[in-house]
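Participant: Have a look at this one.
The values are calculated or read from the model by the stated rules, or taken from the named source; none is laboratory data. Keep in mind it's a predicted model, so treat the numbers as computed, not measured. Backbone-built Cβ (ideal geometry, glycine too); neighbour counts: all protein chains shown.
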């Protein structure tokens with residue numbers, strides 16, 4: 001069992017907080033020392049109260065799903081004797097309303113492109129099986145109800 005930490009820091013820098021006229025920009029500090037600038041999506045909170053160049057929670061969620069899947073995919077590929085040269089994924093999260101009318105990220109589509117090296121390259125069906133195994137092992141996928149699809153394996 002393990003424990004994971006993230007520290008969120010925000011500071012009120014303006015006089016109009018009670019009028020909802022305040023910056024939502026913040027920093028996210030991870031236990032290894034990485035610091036990420038955070039903000040709500042400008043699609044949710046318009047500028048100047050958000051910052052499009054910062055990471056919004058929805059992007060971080062999609063990245064978390066994609067990153068976890070990739071890490072497990074590489075693990076199961078090694079177990080199967082395949083050597084990946086590189087892995088790139090253009091992951092997409094879709095936000096919809098649930099039965100109660102609340103917005104949620106209902107679907108994340110992963111679009112991985114893997115290049116292989118070495119003498120042994122997997123077939124399309126072997127790659128599909130590796131993705132199924134990775135999905136089954138992914139801690140994030142096992143923690144959420146969002147539908148995750150793998151496109152173009």
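Participant: I need the full set of residues from the range 38-54 which are in contact (Cβ under 8 Å) with a residue 24 or more places away in the chain and either closer than 18 Å to residue 132 by Cβ or touching a helix residue (DSSP H, G or I) at 6+ places or on another chain (Cβ under 8 Å) (or both), in order please.
Facilitator: Residue satisfying the conditions is 38 alone.
Participant: Of the residues in the range 81-108, how many are over 20 Å from the mean Cα position of the chain (by Cα), surrounded by 14 or more Cβ atoms within 10 Å (Cβ to Cβ) and assigned to a loop (DSSP other than H, G, I, E, B)?
Facilitator: 1
Participant: Check the range 111-128 and report whether any residue there is at pLDDT 95 or above and in contact with a helix residue (DSSP H, G or I) (Cβ under 6 Å, 6 or more places away or on another chain).
Facilitator: No, there is no match, as no residue in the range 111-128 is at pLDDT 95 or above and in contact with a helix residue (DSSP H, G or I) (Cβ under 6 Å, 6 or more places away or on another chain).
Participant: Counting just the residues of the range 123-153 that are under 17 Å from residue 88 (Cβ atoms) and more than 19 Å from the chain's Cα centre (by Cα), which one comes out surrounded by the fewest Cβ atoms within 10 Å (Cβ to Cβ)?
Facilitator: 127
Participant: Any chance the range 57-79 includes a residue that's part of a loop (DSSP other than H, G, I, E, B) and touching a residue at least 12 places away in the same chain (Cβ under 8 Å)?
Facilitator: Looking for residues that are part of a loop (DSSP other than H, G, I, E, B) and touching a residue at least 12 places away in the same chain (Cβ under 8 Å), one finds none in the range 57-79, hence no.
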